[in-house]
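Colleague: Here's a structure for you.
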Amino acid sequence: TEHPEPPTRLKILDKSSRSVDLSWTPPYDGNSPITRYIIEYKISNLNWYQDGERIIVDGNQNIASILDLRPATIYHLRIVARNEIGESDPSVTVTVITSKEGATDYMNFTTAIPAKVATVISAASDWREDNRCGNNYLAPNGRTSSV
């Protein structure tokens with residue numbers, strides 16, 4: 001049993017001014033089931049470790065949405081796979097530019113996520129390299145929790 005390989009074929013399915021829908025191909029799992037995927041994203045000119053944000057999705061998913069983005073902004077996205085042994089290296093980084101915001105776009109940016117999109121288990125911002133494998137996360141109620 002070993003670390004999984006990085007997810008491949010990261011693809012942007014759809015984008016708006018404040019969200020991006022993406023999919024990926026699950027990697028070789030290292031002979032241990034993938035327990036979760038960590039979607040990392042940041043504004044293009046910022047640092048991954050100081051300014052990157054993360055969304056964690058279930059290991060059975062290969063599609064997700066990133067919400068609450070800034071309009072007309074360049075983002076870098078990548079994905080890490082995790083199994084019981086540890087985390088993969090990050091996938092190849094993909095660049096996406098969110099759309100400019102129009103009046104209808106602004107009113108609809110909170111539209112419900114389709115059922116086929118991954119459920120977000122937790123989200124956290126300002127993760128630093130030394131916390132990459134930490135157990136703290138931002139709980140749904142907004143308080144910091146640990147596992």
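The values are calculated or read from the model by the stated rules, or taken from the named source; none is laboratory data. In this text the structure is predicted, and so the values were computed from the model without any measurement. Quick reminder, even Gly has a Cβ in these numbers, built from the backbone with ideal geometry, and neighbours come from all protein chains shown. Please note that ligands, DNA and RNA were not included when accessible areas were found on the heavy atoms of the full protein model with its side chains. Shrake-Rupley method; radii C 1.70, N 1.55, O 1.52, S 1.80 Å.
Colleague: So, in segment 73-101, exactly how many residues are part of a loop (DSSP other than H, G, I, E, B), over 14 Å from the mean Cα position of the chain (by Cα) and either among the aliphatic types (A, V, I, L, M) or at pLDDT below 75 (or both)?
Modeller: Residues flagged as part of a loop (DSSP other than H, G, I, E, B), over 14 Å from the mean Cα position of the chain (by Cα) and either among the aliphatic types (A, V, I, L, M) or at pLDDT below 75 (or both) within segment 73-101 amount to 1.
Colleague: Of the conditions (1) over 14 Å from the mean Cα position of the chain (by Cα); (2) open to solvent by less than 70 Å² (accessible area, probe 1.4 Å), residue 39 clears all except one; give me its number.
Modeller: For residue 39, the exception is condition (1).
Colleague: Among the listed residues 58, 105, identify the single one that is modelled with pLDDT of 95 or more and open to solvent by 30 Å² or more (accessible area, probe 1.4 Å). It would help to see each step written out before you state the result.
Modeller: Numbers: 105 fails: modelled with pLDDT of 95 or more.
Among 58, 105, only 58 is modelled with pLDDT of 95 or more and open to solvent by 30 Å² or more (accessible area, probe 1.4 Å).
Colleague: While we're looking at this one, here's another question. Suppose we filter segment 22-36 for residues that are surrounded by fewer than 19 Cβ atoms within 10 Å (Cβ to Cβ) and closer than 27 Å to residue 100 by Cα; how many remain?
Modeller: Total meeting the criteria: 1.
Colleague: Here's something else I'd like to know. Determine, yes or no, whether residue 123 is at pLDDT below 90, of a type in the set (A, V, I, L, M, F, W, C) and loosely packed, with under 12 Cβ neighbours inside 10 Å. Walk me through how you get there before you give the answer.
Modeller: On the way: at pLDDT below 90: yes; of a type in the set (A, V, I, L, M, F, W, C): yes; loosely packed, with under 12 Cβ neighbours inside 10 Å: no.
Against the criterion (at pLDDT below 90, of a type in the set (A, V, I, L, M, F, W, C) and loosely packed, with under 12 Cβ neighbours inside 10 Å), residue 123 does not qualify.
Colleague: Taking the condition in contact with a His (Cβ under 9 Å, 6 or more places away or on another chain) and open to solvent by 40 Å² or more (accessible area, probe 1.4 Å), does residue 89 pass?
Modeller: On the way: in contact with a His (Cβ under 9 Å, 6 or more places away or on another chain): yes; open to solvent by 40 Å² or more (accessible area, probe 1.4 Å): yes.
Yes, satisfied.
Colleague: Given the structure, is residue 2 in contact (Cβ under 8 Å) with a residue 40 or more places away in the chain, charged (D, E, K, R) and part of a loop (DSSP other than H, G, I, E, B)?
Modeller: Details: in contact (Cβ under 8 Å) with a residue 40 or more places away in the chain: yes; charged (D, E, K, R): yes; part of a loop (DSSP other than H, G, I, E, B): yes.
So residue 2 passes the test.
Colleague: Among (1) within 15 Å of residue 84 (Cβ to Cβ); (2) of a type in the set (Ser, Thr, Tyr); (3) part of a strand (DSSP E or B), which single condition is residue 32 missing?
Modeller: Just one mismatch for residue 32, condition (3).
Colleague: If I filter segment 8-19 for residues that are among the basic types (Lys, Arg) and more than 24 Å from residue 102 (Cβ to Cβ), do I get at least one hit? Spell out how you get there, then give the answer.
Modeller: In the first step, residues of segment 8-19 are kept if they are among the basic types (Lys, Arg); the result is 9, 11, 15, 18.
Narrowing the set further to residues that are more than 24 Å from residue 102 (Cβ to Cβ) leaves 9, 11.
Yes, segment 8-19 contains a residue that is among the basic types (Lys, Arg) and more than 24 Å from residue 102 (Cβ to Cβ).
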